[in-house]
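Scroll down for the structure; my scribbles are underneath it.
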Amino acid sequence: MAGHSLKNRRVLITCGPTWVPVDDVRVLSNQSTGALGQQIALDCALAGARVVLLEGPVQRPLSSAGIRTLKFSFLAELEELLKKELRKDTAVVVHAAAVADYQPKRPVRGKIPSGRKTLKLELTATPKIIRSVKRLNPKALLVGFKLEPKISPRSAILKTRDLFRKAGCDLVVANQLTARGYRGYLLDRKKNNLACATSRRQMSAALVRVLCERL
């Protein structure tokens, strides 16, 4: 990594799923493992960065002496952590967490009885917290992520458009994860495809290389 330009730079990374409450016992979540965000955290630390990892409720938490890990479970907890950490001098924000897109409109207090034959939940869209990053820390280089069932170089440009336009991302990773494996593309604001990767390790290495070049 030429120049080790991440040396002593503060890199803030989010990873893993987020929970939203259905009642006081149950939650809605997703299948994110947090593995890509964890790999990026490790690679940034190897490049000399001061890494802060905001890690959701993953099955395999990251344990590394060189990385400061702050845990969250619920979406609201992630929002509060982001607000707090973005007040500090931060060179890069890698927002790899799989944030819930919808939440129950009215979470139930207590526990919904388990004997019901059917249960209807009215869901409402959650705030796009990635759109607050540049507002809270305009100088940080922002990396967003877009997961799709199927991705190609052409569809990657279309699917990431809102992340560049509405969230102000500087780079976006568009990826797919299927039974046949991983595939991802790293794009910049000018629609350039900077890398194509067929594993999380490849994508992480490509992203860190580009970050080193741009900082």
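Observations, loosely collected:
- Overall form of segment 71-171 per C-alpha gyration tensor (a/c, 1.5; a/b vs b/c): oblate
- Among 78-85, 108-115, 165-172, the peptide with the highest mean count of other Cβ atoms within 10 Å heads the list, and the full ranking is 165-172, 78-85, 108-115.
- Fraction of antiparallel bridges per DSSP, the chain only, in percent to nearest 5: 40 percent
- Descending Cα extents along the principal axes, segment 1-115, whole Å: 61, 28, 22
- Local electrostatic count, Ser5, Cβ distance below 12 Å [Lys/Arg +1, Asp/Glu -1]: +3
- Computed over the chain, the per-residue total of -39500 (n - 2.57) for DSSP H runs of n ≥ 4 gives a 222 nm mean residue ellipticity of -7000 deg cm²/dmol, rounded to 500.
- Beta bridge orientation in segment 97-215: antiparallel %, DSSP, nearest 5: 75 percent
- Set against the labelled values [x] 48, 15, 12; [y] 24, 23, 15; [z] 30, 20, 16, semi-axes √(5λ) of the Cα gyration tensor in Å computed from this structure falls on [z].
- Nearest-ten-degree value, helix 35-46 long axis tilted from longest Cα axis of the chain: 30 degrees
- Residue-count net charge about Gln38 - beta-carbon cut-off 15 Å; Lys, Arg +1, Asp, Glu -1: +3
- Karplus (6.51, -1.76, 1.60) ³J(HN,Hα), θ = phi - 60°, over segment 154-163, in Hz, Gly and Pro reported as x: 6, 5, 4, 5, 5, 6, 9, 4, 5, 5
- Segment 107-215 shape via C-alpha gyration tensor axes, a/c threshold 1.5: prolate
All of the numbers you see were taken from the coordinates with simple rules; none came from a lab. Just so it is clear, the model here is predicted, and its values are computed rather than measured. Don't worry about glycine lacking a Cβ; one is built from the backbone with ideal geometry, like all the others, and counts go over all protein chains shown.
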